[in-house]
Amino acid sequence: MSDKRAQEVLKIEARAINGLIPRIGKDFKEAIEILSETKGFIIVTGMGKPGFIAQKISATLASLGISSIFLHPAEAIHGDLGRVANEDVIIALSNSGQTEEIIRLLTTIKKIGAKLITLTGNPKSDLAKNSDVVLNVSVKKEACPLGLAPTASTTAMLAMGDALAMVLADKKGLKEEDFALYHPGGALGKRLLLRVEDIMRKGADNPIVKEEILIKDVLLKITKAKAGSATVVNKKGKLSGIFTDGDLRRHLETDTDLRGKKIKNVMTKKPMAIKKGKLAYEALKILKQKKIDEIPVVDKNNKPVGLVDVQDLLKAGLF
């Protein structure tokens with residue numbers, strides 16, 4: 001019984017969204033034009049359950065770099081209408097189109113001069129009649145058995161809000177880099193914003209040694225730096241090799257008397273490197289592809305300036 005009821009609810013809500021598709025036309029295009037041309041905020045408002053949907057729509061717009069705030073209609077009539085300017089656009093959500101708290105805002109909104117776009121299930125309502133654009137989000141029935149709790153109607157509002165936001169983002173030419181800018185703490189933001197120099201080991205934490213140095217001295221430097229490798233440079237200070245824990249273990253299998261040998265004889269020559277300024281995510285791809293744990297960071301002259309270890313990428317949240 002519960003499975004069938006759950007399926008019925010999802011079918012009702014799916015039909016509510018599908019019912020919106022044929023309604024995308026002149027009114028929707030007009031709404032997009034108004035939203036794309038505004039020089040102010042897109043202010044989204046709604047009361048009760050539509051209010052929560054309004055908050056989500058506003059948050060979606062903001063995440064796309066489109067200036068937006070949520071305005072609670074009950075607070076608005078007690079002074080928060082001061083947030084609204086004539087260059088703003090208001091998106092009002094009301095299934096009945098007669099929500100008292102929103103209706104009471106209409107006169108002031110008109111005086112301020114802000115544009116009003118309404119998402120409503122009643123295109124003949126007072127709210128619709130006083131709007132610049134009306135988007136019909138009416139549904140045939142709610143999923144609630146009593147037909148009272150907003151379910152399919154709020155789903156339709158949410159879907160229409162997403163459609164507005166996504167088309168608006170397309171119109172504004174939103175790119176991955178733009179999205180990442182507003183999500184610096186998210187995985188995408190880190191992938192597109194975090195650079196190797198932001199996380200690389202440098203200075204005392206990144207031992208850099210010359211080719212002629214003895215392995216015993218290299219091991220001391222690695223131990224002191226609490227590192228897993230040492231970067232090797234030639235006489236000109238350019239990258240010539242790397243010596244890692246793995247190199248040490250491999251050579252110990254065939255030669256137990258390594259301490260007195262020079263690092264140039266046992267290092268990994270011409271190692272993979274990454275240029276300073278490159279994305280940390282690019283370093284991660286190289287480590288995965290080559291199945292290595294460290295990669296030196298070099299400047300434009302191929303001189304080492306740091307080292308990225310797989311643990312650094314892990315700490316940065318790039319995995």
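Out of (1) closer than 18 Å to Ile57 by Cβ; (2) surrounded by fewer than 14 Cβ atoms within 10 Å (Cβ to Cβ); (3) of a type outside the set (D, E, K, R), what's the single condition that is false for Gly97?
(2)
Consider Lys115 carefully, then state whether it is under 27 Å from Ala169 (Cβ atoms) and out of contact with any helix residue (DSSP H, G or I) (no Cβ under 9 Å at 6 or more places or on another chain).
In short, no.
For segment 5-46, name all the residues that are of a type in the set (A, V, I, L, M, F, W, C), touching a residue at least 40 places away in the same chain (Cβ under 8 Å) and either part of a helix (DSSP H, G or I) or not assigned by TED's automatic domain parsing to the domain that holds Ala163 (or both).
Scanning segment 5-46 gives Val9, Ile12, Ala16, Ile17, Phe28, Ala31, Ile32, Ile34, Leu35.
So, of the residues in segment 49-81 that are more than 31 Å from the chain's Cα centre (by Cα) and within 21 Å of Ser125 (Cα to Cα), which turns out to be modelled with the lowest pLDDT?
The extreme case among them is Ile77.
Just to be sure, is Asp80 within 24 Å of Gly40 (Cβ to Cβ), surrounded by fewer than 20 Cβ atoms within 10 Å (Cβ to Cβ), in contact with a His (Cβ under 8 Å, 6 or more places away or on another chain) and not aromatic (Phe, Trp, Tyr)?
Yes: the conditions hold for Asp80.
Looking only at segment 82-101, which residues are at pLDDT 95 or above and charged (D, E, K, R)?
Glu87, Asp88, Glu100, Glu101, listed by residue number.
For (1) buried (at least 18 other Cβ atoms within 10 Å of the Cβ); (2) under 22 Å from Asp198 (Cα atoms), each residue gets a yes or a no:
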{"position": "Val218", "(1), (2)": "yes, no"}
{"position": "Gly241", "(1), (2)": "yes, no"}
{"position": "Leu252", "(1), (2)": "no, no"}
{"position": "Lys278", "(1), (2)": "no, yes"}
{"position": "Leu284", "(1), (2)": "yes, yes"}
{"position": "Val298", "(1), (2)": "yes, yes"}
{"position": "Leu307", "(1), (2)": "yes, yes"}
{"position": "Lys315", "(1), (2)": "no, yes"}
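Results for (1) hydrophobic (A, V, I, L, M, F, W, C); (2) touching an Asp or Glu at 6+ places or on another chain (Cβ under 9 Å); (3) surrounded by fewer than 18 Cβ atoms within 10 Å (Cβ to Cβ), shown as yes or no for each residue.
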{"site": "Ala6", "(1), (2), (3)": "yes, no, yes"}
{"site": "Leu61", "(1), (2), (3)": "yes, no, no"}
{"site": "Ile112", "(1), (2), (3)": "yes, yes, yes"}
{"site": "Leu116", "(1), (2), (3)": "yes, yes, no"}
{"site": "Leu119", "(1), (2), (3)": "yes, no, no"}
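Residues being of a type outside the set (Ser, Thr, Tyr), without any contact (Cβ under 8 Å) to a residue 40 or more places away in the chain and either over 21 Å from Ala156 (Cα atoms) or in a strand (DSSP E or B) (or both): count how many of those fall in segment 52-80.
10
Considering only residues that are free of Cβ contacts under 8 Å to residues at least 40 places away in the same chain and in a helix (DSSP H, G or I), which ones fall in segment 124-160?
Matches in segment 124-160: Asp126, Leu127, Ala128, Lys129.
Every residue in segment 283-309 that is in contact (Cβ under 8 Å) with a residue 24 or more places away in the chain, β-branched (Val, Ile, Thr) and in a helix (DSSP H, G or I), please.
Once the filter is applied, which keeps residues that are in contact (Cβ under 8 Å) with a residue 24 or more places away in the chain, β-branched (Val, Ile, Thr) and in a helix (DSSP H, G or I), segment 283-309 yields nothing.
The values are calculated or read from the model by the stated rules, or taken from the named source; none is laboratory data. Keep in mind it's a predicted model, so treat the numbers as computed, not measured. As a convention, Cβ positions derive from the backbone with ideal geometry for all residues, glycine included, and neighbour counts pool all protein chains shown.
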